[in-house]
1. Local charge sum around Gly417 (other residues, Cβ-Cβ under 14 Å, Lys/Arg +1, Asp/Glu -1)?
2. So what's the Cα pair-distance distribution over the range 343-442, bin width 5 Å, in %?
3. With runs of 4+ DSSP H residues as the only contributors, calculate the mean residue ellipticity of the chain at 222 nm using -39,500 (n - 2.57) per run, divided by the residue total and rounded to the nearest 500.
4. Top to bottom by accessible area (1.4 Å), largest first, where do Glu50, Glu63 land?
5. So with the 1.4 Å probe, I'd like the accessible area per residue for the range 284-399, rounded to whole Å².
6. So how much slack lies between Arg131 and Gln170, counting 0.36 nm per residue of separation and subtracting their Cα-Cα distance, in nm?
7. Sort largest first and round to whole Å: the equivalent ellipsoid semi-axes of the chain, each the square root of five times a Cα gyration tensor eigenvalue.
8. If you roll a 1.4 Å probe over the range 153-200 with all protein chains in place, what percent of the accessible area is carbon or sulfur?
Amino acid sequence: MTSSESPQAEAPGAPASAPATPPCFPLAGGGVTSARGFSAAGVRAGFRKEPDRLDLALVASDEPCACAAVFTQNVFCAAPVQVSRAHLDEGGATLGGGPAYGTARAVLVNSGNANAATGERGLEAARATARLAAGLLGCPEQEVLVASTGVIGQHLPLAPFEAALPQAVQALSPGGGPLAARAIMTTDTRPKESACTFTVDDPTYAGCTFVVGGMAKGAGMIMPNMATMIAVLATDAPLAAPDAHAALARVAARTFNKVTVDSDTSTNDSCFLMANGAAAPERPPFARDGVAFQAFERALEHVCTQLARAMAADGEGASRLVTVRVTGAATPEDADGAARAVANSPLVKTAVNGHDANWGRIAMAVGKSGAVFRQQDVAIDIMGLPVCRGGLTVPFDEAEALARFERPEVGIDVDLGAGDAQATVWTCDFTHDYITINGDYRT
């Protein structure tokens with residue numbers, strides 16, 4: 001998300017909910033190439049030490065298409081972030097400036113090297129990788145967007161791109177999405193993909209079925225102020241680039257921006273949305289205030305929610321997905337701040353790992369969050385088990401609590417009793433493996 005957009009509160013201008021909007025339907029096994037007219041590949045370029053590790057992904061549209069993106073707000077942003085923003089210049093996407101949208105043909109992602117804190121040399125390397133891909137795809141350099149993930153402060157070599165990009169272009173196929181999703185992984189333990197289909201109640205698009213799909217990576221250095229570390233989304237719905245950005249910014253605020261693994265915002269966060277209109281050829285883009293656009297945004301939110309939850313569940317060393325819900329807050333900012341304080345608390349996260357229903361740590365976290373409330377109005381539940389009412393302890397069965405901690409998802413619910421605002425944030429527990437992974441990250 002650009003620095004002018006709030007990462008914490010719900011983005012303004014979101015369309016009102018429309019019960020008549022048809023629902024979207026999850027697409028089993030779907031991903032970034034489930035939409036018509038998209039292909040992908042994942043190959044080994046040699047950025048990673050492991051001999052069989054895929055580390056270069058390419059996602060391409062058959063034709064140039066509308067594209068929008070949101071990026072990290074970290075001032076120490078990486079070279080590929082700066083280059084991709086410059087390529088998406090129709091929205092005046094200068095670094096730290098306006099919304100990023102324009103026209104794109106492909107997104108190129110490498111893992112194992114972040115190309116961050118690399119100065120002018122890093123910028124030229126990012127530009128050079130875009131030029132290499134563009135030459136092979138037969139499109140302008142500006143139509144190739146680039147992203148990198150991995151170790152900060154190391155220069156990005158071009159030789160792996162020169163050797164592997166021809167292979168990646170040759171391997172592009174609609175069935176290549178799963179390999180691309182694997183190639184963007186760093187400390188992730190599993191790829192993250194999602195897709196759904198939807199139709200619209202608009203006679204202009206009668207007979208059309210649309211798809212939104214995507215892939216993402218993110219396991220550590222995750223508290224995005226825009227999106228996940230790396231995400232590529234694709235749809236065959238017809239969208240104008242500015243409208244695609246409006247939807248993406250809103251949805252990112254409600255999904256990816258509600259994920260935190262360790263409270264750290266990456267230097268490389270990038271989320272791209274490509275829309276080629278292949279499911280409705282020769283038909284106009286969805287009108288931003290129409291029912292078709294609302295149906296698209298609902299489908300986009302479904303896919304991003306699934307990816308966001310998968311990111312949290314696969315946090316570095318994690319054994320549990322933790323969903324923190326705060327209700328009864330005086331303002332949306334208070335709700336988000338309180339939920340984020342609980343989700344980021346090392347004491348809460350280690351208690352979850354230890355299967356300890358220590359609600360005092362949750363109370364401590366909301367109390368330091370800055371949210372306005374009275375402690376005597378607070379209620380706390382852990383996995384549906386009441387543990388605090390009126391700011392005071394409620395006797396509960398410790399054996400029952402211990403049994404509930406065996407569930408793959410731990411729910412923490414806090415009612416502040418101060419208003420009607422609410423927020424949901426996804427996180428994970430902290431394990432010994434988190435320390436091991438990050439202590440050994442460069443070695």
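The values are calculated or read from the model by the stated rules, or taken from the named source; none is laboratory data. Not measured: the values here are computed from a predicted model. Neighbour counts run over all protein chains shown; Cβ positions are idealised from the backbone, glycine included. We work out accessible area using only protein heavy atoms, side chains counted, and drop any ligands, DNA or RNA first. Shrake-Rupley method; radii C 1.70, N 1.55, O 1.52, S 1.80 Å.
1. Net of charged neighbours comes to -4.
2. Bins of 5 Å from zero give 2, 12, 22, 23, 18, 11, 6, 3, 2, 0 percent of pairs.
3. -9000 deg cm²/dmol
4. Most to least solvent-accessible, the answer reads Glu63, Glu50.
5. Value returned for the range 284-399: 39 Å² of accessible area per residue.
6. Separation in residues times 0.36 nm, less the Cα-Cα distance, equals 12.4 nm.
7. 36, 26, 19
8. In the range 153-200, the share of accessible area belonging to carbon and sulfur is 54 percent.
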